[in-house]
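Each remark here refers to the structure printed beneath this line.
Derivation of every value follows stated rules applied to the coordinates shown; laboratory data play no part. Being a predicted model, the structure only gives us computed values, none of them experimental. A quick note on method: Cβ atoms are made from the backbone with ideal geometry, for glycine too, and the neighbour counts reach across all protein chains shown.
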Amino acid sequence: MALYRQRADTENVFDELKNQWGFSGFCGRKRALTELAARLLLLVYNLWVLFVRFLQPKAHVEAGRGRRWFLLIAARLVQRGRQKELQLAVSGGWLEKLKDGYLRLHEWIHSTAPQLKTTTPTTAQTAPVCA
């Protein structure tokens, strides 16, 4: 039974890539072009799945549902000197979900690649700003 469940999970990934990520039917005139497009699509898919799993660790989120979530998050990259900062504008319960996801990501990076420098968000960094 467990083997069948693993097989079904794998087939669901291929089905999602084919039907929701546009992986079916793409073919360029040159093999290198087709291979590059496939590699880029798989890279973006893997990053997407990793990001979504940090936000929803206990459930699989299909691309169609997840895209609607992230269309609601407005962001901008601000650079001051050599420091870059990502500013998010979120409402509702999204702030807590993003904080929890960021903390899970921070713990994962710290455990797998301790040589990378990461910062944990403080209360001042995540406090709501009223203009």
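Stretched out straight at 0.36 nm per residue, the stretch from T119 to H106 would grow longer than its current Cα-Cα span by 3.9 nm. Classify the stretch 2-57 as rounded, prolate or oblate, taking a ≥ b ≥ c as the square roots of the eigenvalues of its Cα gyration tensor: rounded when a/c is under 1.5, otherwise prolate if a/b is larger than b/c and oblate if not. It is oblate, given that a/c is not under 1.5 and a/b is not larger than b/c. Just to confirm a number: summing +1 for Lys and Arg and -1 for Asp and Glu over residues other than A38 whose beta-carbon lies under 14 angstrom from that of A38, what do you get? Neighbour charge sum, excluding A38 itself: +3.
Using bins of 10 Å that start at zero, the share of Cα-Cα pairs per bin across the stretch 9-94 amounts to 13, 36, 29, 19, 3, in whole %. Projected label points at V90 and R31, each 7 Å from Cα along the beta carbon direction, are separated by 4.5 nanometres. Here the residues D15, D9, ranked from fewest to most Cβ neighbours within 10 Å of their Cβ, fall in the order D9, D15. Over 21 Å between Cα atoms: which of K58/K97; K58/K99; K84/K117 fall into that group? Flagged as over cut-off: nothing, all pairs pass. The charge dipole of the stretch 2-70, taken about its Cα centre with unit charges on the Cβ atoms of Lys, Arg (+1), Asp and Glu (-1) only, comes to about 160 debye.
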